[in-house]
Each structure stands twice: as structure tokens, then as C-alpha cells.
1. Can you tell me which residues in the range 98-124 are of a type outside the set (A, V, I, L, M, F, W, C), outside any helix (DSSP H, G or I) and either at pLDDT 95 or above or over 14 Å from the mean Cα position of the chain (by Cα) (or both)?
2. For residues that are without any contact (Cβ under 8 Å) to a residue 60 or more places away in the chain and assigned to a helix (DSSP H, G or I), tally how many sit in the range 27-45.
3. Any residue at all in the range 79-94 that is in a helix (DSSP H, G or I) and free of Cβ contacts under 8 Å to residues at least 40 places away in the same chain?
4. Exactly one condition in (1) out of contact with any helix residue (DSSP H, G or I) (no Cβ under 6 Å at 6 or more places or on another chain); (2) among the β-branched types (V, I, T); (3) at pLDDT below 95 is not met by V92; state its number.
5. Being touching a strand residue (DSSP E or B) at 6+ places or on another chain (Cβ under 8 Å) and part of a helix (DSSP H, G or I) is the filter; apply it to the range 46-62 and report the residue that is farthest from Q110 (Cα to Cα).
Amino acid sequence: MIRKQSDEVMQKTITKLESLLNSEEFKQENKAVVRFLNILTILYRTNPEGFALATESLQGRTRVYFARDEGTLLMAGNHTKPKQIPDTPYWVITNTNSGRKMLMLEGAMQSMHLPEELIEQVRSYFTAN
């Protein structure tokens, strides 16, 4: 298993994420859940293997956050509001506050060895709301 991404994959992920974060559409988006799903889509699309490893260990005290099917997330509770991450085989719970969404993103991004500066850039969209 590859623990650290290749530099090429890492750079592609950083470039795509920066492009998303700097886009007018993303900046104008006022729904945290849409931003959350957009970021998760890029993390998966640029590095499916890294995303899989990062999300399989991410969960809360009582809830599973990510799964490959809606049913797994619904078993954790009827009010988890699972949504499919666009263009991926993954589902994620969405009835969390912005702070929790950021913790989920931070956990995934750190596991994928993305730079702290990029994580901070993402954080600004989930703490300013």
C-alpha cells in the first residue's frame, strides 16, 4: 500500500483544489454542504486510492462519516442526511455543522499528506460562516 502520494498526484490535487478555491463560483457559494461536497469530489477524483485510505479511518464517536453506500450511513442514524459525493462511489453524512465538516476535510487532507497551508485555505470557508 502506498502511504505517501507521488509528487505528481500531490501536485495535481493541490492545483485542482486551489483552482476550485479561487473560482468565483466557489467563492459565491453560500451553502457549506455544496462547498464540502465540491472539495471531497476533487480529493477523490485526483487521488482515489489516497481518498479511500483517508476516509476509511475517519469517523466520529458514534457515527460513520463516509461509506460506499447510503445504507451504511443510515444505520448510524436516520438524521445523518447522507449525500453521494458527486462523481464518486462514496457517500458522506451532511447533517453536521461547518466546524465538523471542516474536521472531516482536515482529517482526509492530512491523511492524504496535503500541505497545511492548503488546509488553512479550505478552513477559511468553513469558519467564516
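The values are calculated or read from the model by the stated rules, or taken from the named source; none is laboratory data. Given the structure is predicted, the values throughout are model-derived calculations rather than measurements. A quick note on method: Cβ atoms are made from the backbone with ideal geometry, for glycine too, and the neighbour counts reach across all protein chains shown.
1. The one that is of a type outside the set (A, V, I, L, M, F, W, C), outside any helix (DSSP H, G or I) and either at pLDDT 95 or above or over 14 Å from the mean Cα position of the chain (by Cα) (or both): P115.
2. Within the range 27-45, residues that are without any contact (Cβ under 8 Å) to a residue 60 or more places away in the chain and assigned to a helix (DSSP H, G or I) number 9.
3. Checking the range 79-94: not a single residue is in a helix (DSSP H, G or I) and free of Cβ contacts under 8 Å to residues at least 40 places away in the same chain.
4. (3)
5. Selected residue: E56.
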